[in-house]
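Visitor: Here's a structure for you.
The values are calculated or read from the model by the stated rules, or taken from the named source; none is laboratory data. Everything numeric in this text was worked out from a predicted model, so none of it was measured. Backbone-built Cβ (ideal geometry, glycine too); neighbour counts: all protein chains shown.
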Amino acid sequence: MSPDLLLLIAKATFDTLRMVAIAGLIGSLIGLPIGIFLATSGKGELFPAPNFNRLVGLIVNATRSTPFIILVVAIIPLTRLVTGTSIGTKAAIVPLTIATIPFFARLVEAAIRDIDKGLIEAARAMGATPTQIVFKVLLAEARPALTLALTMTVVSLIGYSAMVGAVGGGGLGDLGIRYGYQRFRPDVMLIVVIVLIVLVQLVQSAGDRLARRFDKRSRKN
Amino acid sequence: MTTPYSEPSADEAAVVFDAVSKRFAASGESGAFTALDNVDLNVGRGSITGIIGRSGAGKSTLIRLVNGLEKPSSGKVLVDGVDVGALDEAGLRNLRRSVGMIFQHFNLLSSRTVFGNVALPLEIAGMDRRAIEARVRPLLDLVGLADKHARYPAELSGGQKQRIGIARALATEPKLLLSDEATSALDPETTQSILELLKRINAELGLTVLLITHEMEVVKAVTSDVAVIDKGEIVERGHTFDVFTHPKHETTRALLSGLPGSKLPDAVARGLKPAASAGDRAVVRLTFFGATAERPLVSQLIKSVGAEVNIIAGTIDEIGGKPYGSLVVAYAADAETSGRAERFFTENGLVTEVLGYVA
């Protein structure tokens, strides 16, 4: 394999990492509060707003049920508005971020709903405000689950980022389509797939290890 | 024998339930129901008061009214004279910081160390780090877990977890401690040690303890006063000793029947008849308290009855700090023997109850 091709693969890997990192960071920063809201705003919960809760839930579901490839095309006007272009790595970050937000939000909601209601009652009995309960109890207790949620989000993002290659998004998916498929280079396709597998493995095992470190629920001595 | 019971006056009470009812509206599959029906109860300041009832009797709701986790549908709950129902959210939070609570399943944060768990209510109250440190250390000493301060709850036994729960509940120096089935998840031995701790706290800190439980053992071991709750109503109320030795309500008797020593052996219970026929033996329960519990009554009984006396069941115990004994004996049911036995009982001031006759 020529050095030129190796350079291309390195560049594509870097592009993928950049898209995943930026979309993952912005998407989870926005998804986290939405997830917290979804988990705490039902009837009789900490910040009761059942109607608004249903509305946000509806929007989240709508975004999640739109196939990613259609989402990419559908929000091109927004992408142009934000980045000035609809092609390339930078442009791909917009749909990736939009897809991350509801995905992560639902995982955050599940992680928080999973916390024993007794802990919320205990905190209320101590005189905690709802905000204190969120920060001192819910987020603290959900930390292992949130770490796993973030891991899962990044892993799906790596998959999505390969998909934006199909619409000129840049990165490993783009390389696989243009060289591996259109130019009949199975060796390039193979390398792209291997790099993706390695990336996913690295992210997953790092996430698992971190979550285990945060998890104090099992006896360790 | 029983001292007449008078409810502590509102001035002497740490908690006053004044005609409190709580109804839950129908939701989903469960229909509307009344959890508490017109409850009047005063919890004496400095007492350990027990509320006992079966599950679903309304005791959980009752205790949650005290710190405003539930709101009464009608009536008033006063804590140190303050009407809980009239408080706004900020007022409620202030009240809750002066009322400690411990739970059946401990409700400790798994992500925090022992120290961190006890510190939590103080952080919530906005206390600074050094003051928290100074407050938490002695509390861990008090509950005997100072050496475990850096451990996580998952590394501790149930009894140790409840000790942390107690230290946490005491962190804000409350005057009232609510105990919600705090020993129900613990084995009997651990239960005793937790109850001892509650007793000590009550005595040393002058803290009022209101505890709910479905176990008569718990009521017997620590409380001075007890209320029996059934289907949302208080059906019996009194000094623990009197309620145990002279239960009036059916529910109380049913709850008491689970205690060891109060049940007849099955073989005897099966053969029990309500009336005597010739040659039968009378089965009699003798109850003795205070000074009589310490006299050699059995040997005297055999001497004065002058016939065979069988001991069928018996228990010697302490209720609310007073010695108490119960002995079930059988002797010939003929008029002469019975007459001698009854004379002996009267002379010695024993409380007796004829349970029946066996062949």
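Visitor: Do you know which of the residues in region B:305-359 that are hydroxyl-bearing (Ser, Thr, Tyr) and in contact with a strand residue (DSSP E or B) (Cβ under 7 Å, 6 or more places away or on another chain) is nearest to B:Leu272 (Cα to Cα)? Working first, answer last.
Guide: So in region B:305-359, the residues hydroxyl-bearing (Ser, Thr, Tyr) come out as B:315, B:324, B:326, B:331, B:337-338, B:346, B:352, B:357.
Add one more test, that the residue is in contact with a strand residue (DSSP E or B) (Cβ under 7 Å, 6 or more places away or on another chain), and what stays is B:315, B:324, B:326, B:331, B:337-338, B:352, B:357.
Values: B:Thr315: 20, B:Tyr324: 25, B:Ser326: 19, B:Tyr331: 14, B:Thr337: 19, B:Ser338: 17, B:Thr352: 17, B:Tyr357: 5 Å.
Taking the candidates together, the pick is B:Tyr357.
Visitor: Is one or more of the residues making up region B:130-152 without any contact (Cβ under 8 Å) to a residue 40 or more places away in the chain and within 21 Å of the chain's Cα centre (by Cα)?
Guide: The answer is no; no qualifying residue exists.
Visitor: Moving on. Within region A:140-158, which residues are in contact (Cβ under 8 Å) with a residue 12 or more places away in the chain and not β-branched (Val, Ile, Thr)?
Guide: Here is the first cut: in region A:140-158, the ones in contact (Cβ under 8 Å) with a residue 12 or more places away in the chain are A:141-158.
Within region A:140-158, A:Glu141, A:Ala142, A:Arg143, A:Pro144, A:Ala145, A:Leu146, A:Leu148, A:Ala149, A:Leu150, A:Met152, A:Ser156, A:Leu157 qualify.
Visitor: Looking at B:Pro188, B:Pro174 in this structure, which one is surrounded by 19 or more Cβ atoms within 10 Å (Cβ to Cβ) and either more than 12 Å from chain A (Cβ to nearest Cβ) or not acidic (Asp, Glu) (or both)? Don't jump to the end; show me each part of the working.
Guide: Numbers: B:Pro188 fails: surrounded by 19 or more Cβ atoms within 10 Å (Cβ to Cβ).
Of B:Pro188, B:Pro174, the one residue that is surrounded by 19 or more Cβ atoms within 10 Å (Cβ to Cβ) and either more than 12 Å from chain A (Cβ to nearest Cβ) or not acidic (Asp, Glu) (or both) is B:Pro174.
Visitor: Would you say B:Thr61 is in the same structural domain as B:Lys175 (by TED's automatic domain parsing), at pLDDT below 95 and touching a Leu at 6+ places or on another chain (Cβ under 7 Å)?
Guide: In short, yes.
Visitor: Take the residues of region A:95-115 that are of a type in the set (Gly, Ala, Ser) and closer than 16 Å to A:Ile26 by Cα: which is surrounded by the most Cβ atoms within 10 Å (Cβ to Cβ)? Walk me through how you get there before you give the answer.
Guide: Kept after step one, since they are of a type in the set (Gly, Ala, Ser), are these residues of region A:95-115: A:99, A:105, A:110-111.
Add one more test, that the residue is closer than 16 Å to A:Ile26 by Cα, and what stays is A:99, A:105.
Values: A:Ala99: 25, A:Ala105: 30.
Ranking the qualifying residues of region A:95-115, first place goes to A:Ala105.
Visitor: I would also like to ask the following. Which one is farthest from the other protein chains (Cβ to nearest Cβ) among residues in region B:123-143 that are within 16 Å of A:Lys136 (Cα to Cα) and outside any helix (DSSP H, G or I)?
Guide: Once the filter is applied, the top-ranked residue is B:Asp128.
Visitor: Of B:Lys59, B:Lys71, which residue is farther than 20 Å from B:Asn202 by Cβ, more than 8 Å from chain A (Cβ to nearest Cβ) and in contact (Cβ under 8 Å) with a residue 12 or more places away in the chain?
Guide: Details: B:Lys59 fails: farther than 20 Å from B:Asn202 by Cβ.
The match here is B:Lys71.
Visitor: Here's another thing I want to ask about it. Name the residue that is nearest to A:Ala122 (Cα to Cα), counting only residues in region B:161-209 that are charged (D, E, K, R) and assigned to a helix (DSSP H, G or I).
Guide: Filtering region B:161-209 down to residues charged (D, E, K, R) leaves B:161, B:163, B:168, B:173, B:175, B:180-181, B:187, B:189, B:196, B:199-200, B:204.
Checking which are assigned to a helix (DSSP H, G or I) leaves us with B:161, B:163, B:168, B:189, B:196, B:199-200, B:204.
Working: B:Lys161: 14, B:Arg163: 15, B:Arg168: 10, B:Glu189: 26, B:Glu196: 23, B:Lys199: 22, B:Arg200: 23, B:Glu204: 25 Å.
That would be B:Arg168.
Visitor: Can you name the residue in region A:142-201 that is part of a helix (DSSP H, G or I), of a type in the set (D, E, K, R) and more than 22 Å from A:Ala21 (Cβ to Cβ) and is also modelled with the lowest pLDDT among such residues? Outline the logic, then answer.
Guide: Our first condition is that a residue be part of a helix (DSSP H, G or I); within region A:142-201, this holds for A:143-167, A:172-182, A:186-201.
Filter once more, keeping what is of a type in the set (D, E, K, R): A:143, A:174, A:178, A:187.
Now narrow it down to the ones that are more than 22 Å from A:Ala21 (Cβ to Cβ): A:178, A:187.
Working: A:Arg178: 86, A:Asp187: 90.
By that ranking, first place goes to A:Arg178.
Visitor: Restricting to region A:113-135, and then to whatever is in a helix (DSSP H, G or I) and facing chain B (nearest Cβ under 7 Å), can you tell me which residue is farthest from the chain's Cα centre (by Cα)? So that I can check it myself, show each step before the final result.
Guide: Let us first name the residues in region A:113-135 that are in a helix (DSSP H, G or I), namely A:113, A:117-125, A:130-135.
Checking which are facing chain B (nearest Cβ under 7 Å) leaves us with A:118-119, A:121-122, A:124-125, A:132.
On the way: A:Gly118: 30, A:Leu119: 28, A:Glu121: 31, A:Ala122: 32, A:Arg124: 32, A:Ala125: 35, A:Gln132: 26 Å.
My answer is A:Ala125.
Visitor: Right, here's the next one. Which residue out of A:Leu190, A:Leu202, A:Leu175, A:Leu196 is buried (at least 21 other Cβ atoms within 10 Å of the Cβ) and over 30 Å from B:Leu65 (Cβ atoms)? So that I can check it myself, show each step before the final result.
Guide: Working: A:Leu190 fails: buried (at least 21 other Cβ atoms within 10 Å of the Cβ); A:Leu202 fails: buried (at least 21 other Cβ atoms within 10 Å of the Cβ); A:Leu196 fails: buried (at least 21 other Cβ atoms within 10 Å of the Cβ).
Of the residues listed, the single one that is buried (at least 21 other Cβ atoms within 10 Å of the Cβ) and over 30 Å from B:Leu65 (Cβ atoms) is A:Leu175.
Visitor: Counting just the residues of region B:235-275 that are touching a residue at least 60 places away in the same chain (Cβ under 8 Å) and among the hydrophobic types (A, V, I, L, M, F, W, C), which one comes out surrounded by the fewest Cβ atoms within 10 Å (Cβ to Cβ)?
Guide: The residue in question is B:Ala275.
Visitor: Here is a follow-up. For region A:21-51, enumerate the residues that are closer than 24 Å to A:Lys117 by Cβ and touching a Phe, Trp or Tyr at 6+ places or on another chain (Cβ under 6 Å).
Guide: Just the residues of region A:21-51 that are closer than 24 Å to A:Lys117 by Cβ, to begin with: A:31-51.
Of everything in region A:21-51, those that are closer than 24 Å to A:Lys117 by Cβ and touching a Phe, Trp or Tyr at 6+ places or on another chain (Cβ under 6 Å) turn out to be A:Gly31, A:Thr40, A:Ser41.
Visitor: Could you name every one of the helices (runs of 4 or more DSSP H) located completely within region A:1-83 that has at least 3 residues being small (Gly, Ala, Ser) and closer than 21 Å to A:Val94 by Cβ? Step through it out loud before you land on a result.
Guide: Working: elements: A:3-40, A:50-65, A:68-74, A:76-83.
Per the criteria, A:3-40.
Visitor: For B:Glu217, all conditions in the list (1) within 13 Å of the chain's Cα centre (by Cα); (2) under 18 Å from B:Gly321 (Cα atoms); (3) surrounded by 19 or more Cβ atoms within 10 Å (Cβ to Cβ) hold save one; what is the number of the exception?
Guide: (3) is the only condition that B:Glu217 fails.
Visitor: Select, from A:Thr153, A:Thr147, the only residue that is polar (S, T, N, Q), within 14 Å of another protein chain (Cβ to nearest Cβ) and surrounded by 20 or more Cβ atoms within 10 Å (Cβ to Cβ).
Guide: Numbers: A:Thr153 fails: within 14 Å of another protein chain (Cβ to nearest Cβ).
Every option except A:Thr147 fails the conditions.
Visitor: Does any residue of region B:161-171 turn out to be away from chain A (no Cβ under 14 Å), surrounded by fewer than 22 Cβ atoms within 10 Å (Cβ to Cβ) and basic (Lys, Arg)?
Guide: Going residue by residue through region B:161-171, those that are away from chain A (no Cβ under 14 Å) are B:163.
Of the ones still in play, those that are also surrounded by fewer than 22 Cβ atoms within 10 Å (Cβ to Cβ) are none.
No, the conditions are met nowhere in region B:161-171.
Visitor: Among B:Ala341, B:Ala330, which is assigned to a strand (DSSP E or B) and more than 28 Å from B:Thr240 (Cα to Cα)?
Guide: Values: B:Ala341 fails: assigned to a strand (DSSP E or B).
None of the other options fit; the residue is B:Ala330.
Visitor: Among B:Ala307, B:Ala282, B:Ala275, which is the only one that is over 30 Å from B:Val228 (Cα atoms), assigned to a loop (DSSP other than H, G, I, E, B) and touching a Gly at 6+ places or on another chain (Cβ under 9 Å)?
Guide: On the way: B:Ala307 fails: touching a Gly at 6+ places or on another chain (Cβ under 9 Å); B:Ala282 fails: assigned to a loop (DSSP other than H, G, I, E, B).
Result: B:Ala275 is the single residue among B:Ala307, B:Ala282, B:Ala275 that is over 30 Å from B:Val228 (Cα atoms), assigned to a loop (DSSP other than H, G, I, E, B) and touching a Gly at 6+ places or on another chain (Cβ under 9 Å).
Visitor: Now, a different point. Please go through region B:102-114 and pick out each residue that is more than 10 Å from chain A (Cβ to nearest Cβ) and either surrounded by fewer than 22 Cβ atoms within 10 Å (Cβ to Cβ) or within 18 Å of A:Phe135 (Cα to Cα) (or both).
Guide: To start, the set of residues in region B:102-114 that are more than 10 Å from chain A (Cβ to nearest Cβ) comprises B:114.
Answer for region B:102-114, where residues must be more than 10 Å from chain A (Cβ to nearest Cβ) and either surrounded by fewer than 22 Cβ atoms within 10 Å (Cβ to Cβ) or within 18 Å of A:Phe135 (Cα to Cα) (or both): there is none.
Visitor: Which members of region B:147-160 meet the condition of being over 26 Å from B:Leu211 (Cα atoms) and either in a helix (DSSP H, G or I) or away from chain A (no Cβ under 11 Å) (or both)? Before the answer, list the steps.
Guide: We begin by selecting, within region B:147-160, every residue over 26 Å from B:Leu211 (Cα atoms); these are B:147-152, B:155.
Hits for region B:147-160 are B:Asp147, B:Lys148, B:His149, B:Ala150, B:Glu155.
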